Amino acid sequence: MVLKAIRFDAEGGALQILNQLKLPHQTQYDDVKSAEDGWHAIKDMRTRGAPAIAIVAALSLAVELHKETLSDSATDVAAFVVEKLKYLVTSRPTAVNLADAARKLERVVLNAASASGATGQTVEKAYCDAAAQMLVDDVADNEAIGQHGSQWIANVAGGGKVSVVTHCNTGSLATAGYGTALGVIRSLHKMGNLQHAFCTETRPYNQGSRLTAFELVHDKIPATLITDSMASALLHLKGKSERITAIVVGADRVAANGDTANKIGTYQLAITARFHGVKFLVAAPRTTIDLSTASGAKIVIEERPGKEMTMIRGPVLDGIDLDVSQQRTVNIAAQGIDVWNPAFDVTPAELIDGIVTEVGVVEKGPDGKFDLTLAMEAINEGIKPVSVGSP
Ligand SMILES: CSC[C@H]1O[C@H](OP(=O)(O)O)[C@H](O)[C@@H]1O
C-alpha cells in the first residue's frame, strides 16, 4: 500500500485527506468538500506538512468550484478564487508554501480571466488544472531532492554506508508523496547507502513517533526512534560507530539568507550537529524558499494551543490490550501550569551546511553566505546540482 496523505479525484471533484491525528493506529480519510473544510483540516493539523497544506488548500477550493458553476463571468469567478485563496492562507502562518501557492494560483486565474473569450468556466478550469498539477510537481520535486540530497550525504561520507538523523515528519504524509528529508533517506536506502535512520519523536504532536516511524516501518527502512532529548547523546555515544554523517530536516520557510524555520527542536539539533562535527542539511522544494523574507528574524512562528502539549491522545489501554478503536486524551501536566507551545523554531544559516532543493544542493560561498537566487533561477530541465558534497 502506498502511503497517501491526499486523495484527489479530478474527474469527480472529490478530495480526501488522511486524518493524521488518528495515525498510526487508525487509518481514516476525511472528506474535504470546500475551502472551509480545507481551512479547518489544516488548522486542526488533520493534514500537515508545508507542501501538503499548500496542496490541500488549493484542491479544497478546486472541489468547491467543481460542485457548481459559480458564474458565467470570468471576472466574478476570478474574484471569488482570489478571496478564497486569501482566506485559506490564514489557516497557518509559518509555512510559506501555502502563500506561495496562493500567489501563483491567483496569477493563473487573473491571466485566464484576461484572456480573450474568457468565461467563468474557462477560469474555473484554469484554476483546477493548476491546482491538480501541484500534486504531480511535488512528487517530482521530492524525488529530485532525494537524488541530490542522498548524493551529497554520500559524498560527504566519502564512500560506505551512512547513518542519518531526521526530525518531525517530512515524508509522504507531509507532501504529495516520497517526501523531502525523508525522501533523502528513502533515496539513500534505495542506493544501498543507508546504514541506519534515527528519527526523533518530535514532541508535542509526535510527528516522528506517530508518522515518520510509521513510514519507515512501512518501507522496511532500518530505523530507530529516539526522544528529542536523546539526540546529543546519540551523536556523542553512537556518532562514530553508526557513521552518523548528517542530520537532515525539512523546512517550512527558508529566508533569503538561508535562516530556516522548521519544526520546534530543529535549532537544537543544528547546535548539537555542529558541536559533534555532523553535517546539517535542510531539504525542501523551492516553493519553501522565501526570498522576500530577508532573515529568520522576520518569520512569523505559529504558536499552538497549550493543550496540544499537555493533553496526549492515544488508543485506550484496556488491561493489557490496546483498544485502537477508541481514542482518549490524558493530561500529562500539572493543572494550572502555564505553557509555551511554538510549533517551529528558526535555525540560523551559519549552522546549516547545505540546502537541497529539486535543482541541487546550495552550499555557502567563500563569503560564508548562501546565495539562494542561484537555486530560484535554476530551471528544472537538465537538473544540475548547484554543488554536491563537501570535499
Ligand atoms: C515536508 S514537511 C515540512 C515541515 O512541516 C512540518 O510542520 P507541521 O507538521 O507542523 O506541518 C515540519 O516542520 C516539517 O519539517
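What separates the Cα centres of region 220-260 and region 186-211 is a distance of 9 Å.
The reciprocal of the average 1/r between distinct C-alpha atoms defines the Kirkwood hydrodynamic radius, which for region 219-287 equals 13.2 Å. Specify the residue with the greatest mean-square fluctuation among LEU211, LEU237, LEU291, computed from a Gaussian network of the chain linking alpha-carbon atoms under 10 Å apart. Per the Cα network of the chain with a 10 Å cutoff, LEU237 tops the list. Region 22-50 and region 54-78 have Cα centres spaced 19 Å apart. Computed from Cα atoms alone, the Kirkwood hydrodynamic radius reported for the chain is 21.4 Å.
For a straight C-alpha distance cut-off of 18 angstrom, the lysines reachable from LYS238 (same-chain residues fewer than eight places away being disregarded) are LYS161, LYS279.
Our compactness index for region 114-153, the C-alpha radius of gyration over the empirical 2.2 N^0.38 Å, is 1.87.
Which of rounded, prolate, oblate describes region 131-290, given a ≥ b ≥ c as roots of the alpha-carbon gyration tensor eigenvalues and a/c under 1.5 marking rounded, otherwise prolate only if a/b is larger than b/c?
Working: a/c = 1.39, a/b = 1.28, b/c = 1.08.
Rounded.
Packing around the peptides 340-347, 111-118, taken as the average count of other Cβ atoms within 10 Å per residue, puts them in this order, highest first: 340-347, 111-118. Here the Debye sum runs over all C-alpha atoms of region 72-163 as equal scatterers in vacuum, and log10 of I(q)/I(0) at q = 0.20, 0.22, 0.24 Å⁻¹ comes out as -0.94, -1.04, -1.13.
Add -39500 (n - 2.57) for each DSSP H run of 4 or more in the chain, then divide by its residues: what number comes out at 222 nm, to the nearest 500 deg cm²/dmol?
Working: 11 runs with 144 residues, N = 391.
Calculated at 222 nm, the ellipticity per residue is -11500 deg cm²/dmol.
Each residue, GLU377 and VAL82, gets one label point 7 Å from its Cα in the Cβ direction; the gap between the two is 3.1 nm. Between ALA132 and ASN155, residue separation times 0.36 nm minus the direct Cα-Cα distance comes to 4.7 nm. Rolling a 1.4 Å probe across all protein chains gives LYS307 an accessible area of roughly 130 Å². Find out how many positive minus negative residues lie around THR122, taking Lys and Arg as positive, Asp and Glu as negative, among other residues whose Cβ is under 11 Å from that of THR122. Value of the local net charge: -2.
Taken along its principal axes, the alpha carbon cloud of region 145-227 reaches lengths of 36, 26, 19 Å, longest axis first.
A full extension of the chain between GLU308 and HIS25 corresponds to an added length of 100.0 nm, given 0.36 nm per residue minus the alpha carbon distance. Against the chain, whose longest principal axis is taken from its Cα atoms, helix 74-89 shows a tilt of about 30°. From the Kirkwood radius over Cα pairs of region 241-391, Stokes-Einstein at 4 °C and 1.567 mPa s returns a whole-number translational diffusion coefficient of 73 µm²/s. The residues of the chain have, on average, 43 Å² of accessible surface per residue, using a 1.4 Å probe with all protein chains present.
Relative contact order of region 87-166: 17 percent, from C-alpha pairs under 8 Å at least 6 residues apart in sequence. For region 1-92, the number of Lys pairs separated by eight or more positions or lying on different chains, with C-alpha atoms closer than 23 Å, is 13. The apolar share of the surface of the chain, taken as the fraction of accessible area on carbon and sulfur atoms (1.4 Å probe, ligands and nucleic acids excluded), comes to 55 percent. Between ALA115 and ASP321, the modelled label-to-label distance comes to 5.9 nm, taking each label 7 Å out from Cα in the direction of the beta carbon. Seen against the Cα atoms of the chain and their longest principal axis, helix 266-275 is set at about 30 degrees.
The values are calculated or read from the model by the stated rules, or taken from the named source; none is laboratory data. In this text the structure is predicted, and so the values were computed from the model without any measurement. Neighbour counts are summed over all protein chains in view; Cβ atoms, including those assigned to glycine, are modelled from backbone coordinates with ideal geometry. Calculation scope for accessible area: heavy atoms of the full protein, side chains included, ligands and nucleic acids excluded. Shrake-Rupley method; radii C 1.70, N 1.55, O 1.52, S 1.80 Å.
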